[in-house]
Amino acid sequence: MKVLKFGGTSVGSVASIKTVLNILEKEVANGKNPVAVLSAMSGVTNLLAAMAEKAATGQTFTADLAELERKHFDVIKALMDVQAQNPVFTKLKIYFNELEDLLQGIFSLRELTAQTRDLVLSYGERCSTFMISKIAAQQFQNSVFVNAADLIKTDSSFGHAKVDMALTEMLVRNYYYENTDKLLFVTGFISSNEDGRITTLGRGGSDYTAAIIGSALNCSEIQIWTDVNGMMTADPRMVKKAFSLPELSYTEAMELSFFGARVIYPPTMIPAFLKKIPIRILNTFDVDFEGTYIKHDCAASNLPIKGISSINDVSIINLEGSGMVGKAGFSGRLFSMLAREQISVILITQSSSEHSITFAIPPADAVKAQHLIEQEFELELAAKKLDQPQIEPNLSILAIVGENMKQTPGISGKLFHALGRNGINVRAIAQGSSEYNISVIISKNDMAKALNAVHDSFFELLNKTLHVFVAGTGNISTTLFKQLGEHAAFLEKNNGIQIKVVGVVNTRKMVFNSDGLSLDNWKETLEASHQEASLDGFVAEMKQMNLPNCVFADNTASPKPIEYYDAIFKSNISIVTCNKIGNSASYEQYKTFKDSARKHGVDFYYETNVGAGLPIVRTLKDLMMSGDRVIKIEAILSGTISFIFNNFKGDATFHDTVKIAQEKGYTEPDPRDDLRGTDFMRKMLILARDAGYVLEPGDVNIESMLPKACLDAGTVDEFYQELNNENQFFADMSAKAEAEGKALRYIGKLENGQVSITLQMVGEDHPFYTLSGSDNIISFTTERYKERPLVVKGPGAGAEVTAAGVFADIVNVGA
Ligand code: ADP
Ligand code: ASP
Ligand code: MG
């Protein structure tokens, strides 16, 4: 025999009630009659609680009463034959009249006791269960409505009554054995005390009703039918990537539900555990789902933890003072007093010096608890042996749960790493002595971000989501978005990384979407956005959205975004940039960025600052990290100038060659940044700094290849005019090199801490002679690579390779 419990949503609509009846039909067809335990229709318990509250504060509740009536009557009209409807309407009408009288009483007295509140709430389960038993009677003649208040006996702790198991088991068994041929529809949640007054088992208590009855009857299985696919790794409304667990132990289920996974009510596990009765959580809205088994002999699991749960709103109280040190019984006195006053303590941490105790409680009880402590410890407070108790509101608890935690080292490290990296401050930590649970208290604002970040880090079999904010919508970003779109599926499959572009800003507009902007029409979306561009606003929103695993990609060539880098690191957001301006300004700024990223545990990647997508920065970093020392770096790092000299031949003028380079996207917006050597200087400077040298931009010796008139020209157009006047100068230079059988090369060098960039004519024997197109070449002479330098060569400019480099850096943040 099985007990089947159907939750609020399962009995909340015409369609779902039909499914419930189908489920019961299958069970009945299998032989033994199941016992059905039903909740109130979804939303009804909350509505009743609100009505009672309104009555007690002198507000009208008639509209709510009408709503309640309509909700039930609509179901009856839809699911019952017309002739059968009247008696059911009549009985429900009686219930509603009683309820109205009761509320009227509360209204007159302006008083709502826990006892009266339980009575009000009980109408939810009584109405739904009576109604459904009558709907079912059309199909199963032996249907019977059972008010569980007659069977489940409790003490008088209204609101969360304790069950008298022995008496209850006897009553349940007697009733059941007198009605074995019947199909019982039992109200969940409600019970009664020894005087016969209605009590309730606590919010969510219908699950518990099912377990109490199942245990009394030694049933073969307790089924909890709800609206999700069983117990999931986290609340699916908060964590989109949560997945269903096939099975867990009673302890695991209890810990998860105690810390907020309300899919099952924690006490439910106790009677089931004692009798080793399996509980199965099933989905009324997906009847093919196999269910989550909560049982005694779970198969070994390879998941380090089973799930993450959370309690959204708690307050903590801190108690500090010398009066607690070595005082046996202090915490005993504190917690027994709170228990006596029915304040449930969710979590406790105590420092090993016994100097302070921190505990978490529901916010509604905080002020009461504070006053109680002030009374109880009046003397200690007066003698200053105890500081005034402090309440900290607006906090949440996040707990990771799993029996495997015990055997697996590094679990807490992983938890704190995920939280720390995302800038989530931990207020207090508690580990259950069973080691099945580690709980942390964090700010309520950080809850969604924390859950997702922790979920990503523990369930890495799943995809990790990177949230990317992009500045700039020029060539690089456009190409990057195209590449991201094309490689999304591959990345997800092979690297387990999902990249969502969640914000874009250019000089005019900005747009955000925490679910990820569509990369097919991002341009239109940005155009249509009503938000004016503002970097202040953009950075503030990045912070405000508070998403996990965030990256800011600066794809501009502007000094503006750089002003925000430090603030961005402080918000625990990684930065990927192809913008060289930041790293090549003052050394102090370069160092600040590095330090700030390190301090906040985030990444700062700028591979594309040097040689676009070529692995130059990374190679140097690897050499340095492995203890090598740079002796000399020689490089052609201006893809632009390479392109220009390689194409400046035959009839082409220098002016036209530069123009073509610009049109092909090989130059900076102002080509003089390349030709003047500024861009090259920046790259050499960054490399020299990465190689460990403290250098300022002025320390680099640059030989400019441009005549003065070109350098002095105002706008880019004026520069081109001047360049046109200088064609002869460049033609002569080229002719000279050609006559000697040499090639013109603009070469950067770092040696003995000195950086220089000079225009040279190199012969066929020089390794840089054969460089073609816009290629870059760099040779590292180091302690390890002394005889033959380590050479990296390849395309070092262009939107495709630069965007690919940015892409690789973003993926590296996720690695
Ligand atoms: P019922 O009315 O059927 O008793 P509840 O609303 O009490 O249903 O519980 C089901 C809800 O529990 C789900 O809709 C889901 O939002 C929430 N929930 C919280 N944590 C979890 C979790 N870890 N797994 C599944 N559901 C969860
Ligand atoms: N109806 C009750 C509640 O909403 C009990 C339950 O659904 O389990 O808390
Ligand atoms: Mg529930």
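The values are calculated or read from the model by the stated rules, or taken from the named source; none is laboratory data. Just so it is clear, the structure is predicted and the values come from calculations on it, not from any experiment. Using ideal geometry, Cβ is built from the backbone for each residue, glycine included, and neighbour counts are taken over all protein chains shown.
I'd like to know if the range 255-267 contains one or more residues that are away from ligand 3 (no atom under 16 Å from the Cβ) and within 32 Å of the chain's Cα centre (by Cα). Yes, there is a match, as at least one residue in the range 255-267 is away from ligand 3 (no atom under 16 Å from the Cβ) and within 32 Å of the chain's Cα centre (by Cα).
Among strands (runs of 3 or more DSSP E) entirely within the range 299-398, having at least 3 residues that are at pLDDT 90 or above singles out 307-320, 356-361. Right, Asp155: acidic (Asp, Glu), at pLDDT 95 or above and within 16 Å of ligand 3 (Cβ to nearest atom) or not? No, not satisfied.
Of all residue pairs spaced 6 or more apart or on separate chains, those with beta-carbon atoms under 8 Å, a first member in the range 124-140 that is part of a helix (DSSP H, G or I) and a second member that is of a type in the set (Lys, Arg) are Phe130/Lys91. Looking at the range 203-233, which of its residues are within 16 Å of ligand 2 (Cβ to nearest atom) and surrounded by fewer than 16 Cβ atoms within 10 Å (Cβ to Cβ)? Matches in the range 203-233: Arg203 only. The condition of being of a type outside the set (Val, Ile, Thr) and within 23 Å of Ser10 (Cα to Cα) holds for only one of Lys182, Lys153, that being Lys182. Which of the residues spanning the range 9-29 are in a loop (DSSP other than H, G, I, E, B), within 11 Å of ligand 1 (Cβ to nearest atom) and surrounded by fewer than 24 Cβ atoms within 10 Å (Cβ to Cβ)? Passing the criteria: Thr9, Gly12. All conditions but one from (1) over 19 Å from Asn549 (Cα atoms); (2) assigned to a strand (DSSP E or B) apply to Lys482; the one that does not is (2). Look at Met684 and say whether it is outside any loop (DSSP other than H, G, I, E, B) and of a type in the set (A, V, I, L, M). Yes; evaluated as a whole, the condition is true for this residue. Tell me which residues, restricted to the range 197-211, are among the charged types (D, E, K, R) and assigned to a loop (DSSP other than H, G, I, E, B). Selection gives Arg197, Arg203. In the set (1) within 17 Å of Val811 (Cα to Cα); (2) under 32 Å from the mean Cα position of the chain (by Cα); (3) of a type outside the set (Gly, Ala, Ser); (4) modelled with pLDDT under 95, Leu614 fails one condition alone, (2).
If the condition is being surrounded by 24 or more Cβ atoms within 10 Å (Cβ to Cβ) and of a type outside the set (A, V, I, L, M, F, W, C), then the range 525-555 contributes Pro548, Asn549, Asp554, Asn555. When the range 420-469 is filtered for residues that are of a type in the set (Asp, Glu) and either at pLDDT 85 or above or part of a strand (DSSP E or B) (or both), the ones remaining, listed by number, are Asp446, Asp456. Within the set Phe145, Phe189, Phe185, the sole residue that is modelled with pLDDT of 95 or more, within 16 Å of ligand 2 (Cβ to nearest atom) and farther than 27 Å from Ala339 by Cβ turns out to be Phe185. Flag not set for Ala272, criterion: under 30 Å from Ile429 (Cβ atoms), touching a residue at least 60 places away in the same chain (Cβ under 8 Å), buried (at least 18 other Cβ atoms within 10 Å of the Cβ) and more than 14 Å from ligand 3 (Cβ to nearest atom). Checking each residue in the range 530-554 for being of a type outside the set (A, V, I, L, M, F, W, C), more than 16 Å from Ser514 (Cβ to Cβ) and touching a Gly at 6+ places or on another chain (Cβ under 9 Å) picks out only Asp554. Taking the range 247-295 as the range and being in contact with a Phe, Trp or Tyr (Cβ under 7 Å, 6 or more places away or on another chain), more than 11 Å from ligand 1 (Cβ to nearest atom) and outside any helix (DSSP H, G or I) as the test, the residues that pass are Glu247, Pro278, Arg280, Ile294. Within the range 249-271, no residue satisfies the criterion of being under 23 Å from Val20 (Cα atoms) and away from ligand 2 (no atom under 16 Å from the Cβ). Being more than 27 Å from Val20 (Cβ to Cβ) and away from ligand 2 (no atom under 16 Å from the Cβ), is that true of even one residue in the range 275-288? Yes, the range 275-288 has at least one match. Where helices (runs of 4 or more DSSP H) fall wholly inside the range 30-111, the ranges with 1 or more residues that are surrounded by fewer than 18 Cβ atoms within 10 Å (Cβ to Cβ), more than 46 Å from the chain's Cα centre (by Cα) and away from ligand 3 (no atom under 16 Å from the Cβ) are 82-109. Here Pro236 clears all of (1) buried (at least 21 other Cβ atoms within 10 Å of the Cβ); (2) farther than 21 Å from Leu347 by Cβ; (3) within 7 Å of ligand 1 (Cβ to nearest atom) except the condition numbered (1). Of everything in the range 217-228 that is out of contact with any Pro (no Cβ under 8 Å at 6 or more places or on another chain) and near ligand 1 (Cβ under 10 Å from one of its atoms), the residue that is farthest from Ile279 (Cα to Cα) is Asp227. Ile616 falls short on exactly one of the conditions (1) of a type in the set (A, V, I, L, M, F, W, C); (2) closer than 20 Å to Ser558 by Cβ; (3) buried (at least 24 other Cβ atoms within 10 Å of the Cβ), and that condition is (2). Those residues that are without any contact (Cβ under 8 Å) to a residue 24 or more places away in the chain, farther than 20 Å from Met131 by Cβ and not hydrophobic (A, V, I, L, M, F, W, C), I need them from the range 47-102; list them, please. Correct list: Lys54, Gln59, Thr60, Thr62, Asp101. Among residues of the range 205-217 that are closer than 10 Å to Val3 by Cα, those with a Cβ under 6 angstrom from a residue that is away from ligand 1 (no atom under 11 Å from the Cβ) and charged (D, E, K, R), sequence gap 6+ or separate chain, pair up as Ser215/Lys275.
Among residues of the range 212-231 being within 14 Å of ligand 3 (Cβ to nearest atom) and assigned to a strand (DSSP E or B), the one that is farthest from the chain's Cα centre (by Cα) is Ile222.
Residues considered: Gly332, Gly321, Gly402. Of these, the only one that is free of Cβ contacts under 8 Å to residues at least 40 places away in the same chain and either among the hydroxyl-bearing types (Ser, Thr, Tyr) or more than 18 Å from Lys444 (Cβ to Cβ) (or both) is Gly332.
Scanning the range 232-254 for residues that are within 16 Å of ligand 3 (Cβ to nearest atom) and either hydroxyl-bearing (Ser, Thr, Tyr) or within 19 Å of the chain's Cα centre (by Cα) (or both) yields Met232, Asp235, Pro236, Arg237. For the criterion of being closer than 19 Å to Ala210 by Cβ, within 16 Å of ligand 1 (Cβ to nearest atom) and touching a residue at least 60 places away in the same chain (Cβ under 8 Å), Leu121 passes. The C-beta contact set for the range 221-238 (first residue farther than 10 Å from Val263 by Cβ, second residue outside any strand (DSSP E or B) and within 14 Å of ligand 3 (Cβ to nearest atom), distance under 7 angstrom, 6+ apart or interchain) comprises Ile222/Ala210; Ile222/Ala211; Trp225/Gly7; Trp225/Ser10; Trp225/Thr284.
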